[in-house]
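Have a look at the structure below, then the notes.
What follows draws every value from the coordinates through simple rules; no lab data is involved. Computed from a predicted model, the values in this text were never measured in an experiment. Cβ placement follows ideal geometry from the backbone for every residue including glycine, while neighbour counts extend to all protein chains displayed.
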Amino acid sequence: METTSGLFRRQWPAVVCGTLLWLGAFGAGWHWAPTDPTGVSLAPKDGDWNLFTEILARNVGVSAALFLGVLTLGVMTIPLTLLTGVLAGYYGGQGSAVLGTDGVVRHLLPHMPLELACLALAAAAGLVPLVGWARAGLTGRPSGAPGAGLLARAGLPDACRLWGVAVAGLVVAAGIETWVST
């Protein structure tokens, strides 16, 4: 059975591209976020299974949209990553302006690094075919194993594995957000 480290070693270009694209968009959204509290609720939420399900559904939905870019050979992952990254950064930046440093440490820092990393990994999964073919074009080596089918050469199995790792991490991040960050 293959290890996750082997998957990351093989798909490192897609992971780097997805991470840079997602975190760049997130950073831009954070930078452009207004400092007024419009639309930010400071009401505490109860950490329960309903909140966990709501958080998990939202994050898995975003990750699925990023991953499903593989259906367009990775092309649609780019605008979706930019859009979702900017929106997430915008709301995070607005929340941090309202919460202040203590609030960010208490309510965002426990879950946000894992959540952002998993969403970047979902973007990477969606970019696997595009990055693989770009890499093959640049190096002159065909993508995928010799004799592999079309889906394997496009990197679909690796893309699915990367997304699976991202979803597993999002489950953990949702638990932290529900029962630690609230």
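For the chain, a simple Cβ point-charge model (Lys and Arg +1, Asp and Glu -1, everything else neutral) yields a dipole of about 760 debye relative to the Cα centre. Residue ranges 2-15, 57-70 sort as 57-70, 2-15 when ordered by packing (mean number of other C-beta atoms within 10 Å per residue, highest first).
Remark: C-alpha extents of the chain on the principal axes read 57, 34, 23 Å, sorted largest to smallest.
Spacing of the modelled spin labels on Val104 and Thr53, each 7 Å from Cα toward Cβ, amounts to 3.4 nm.
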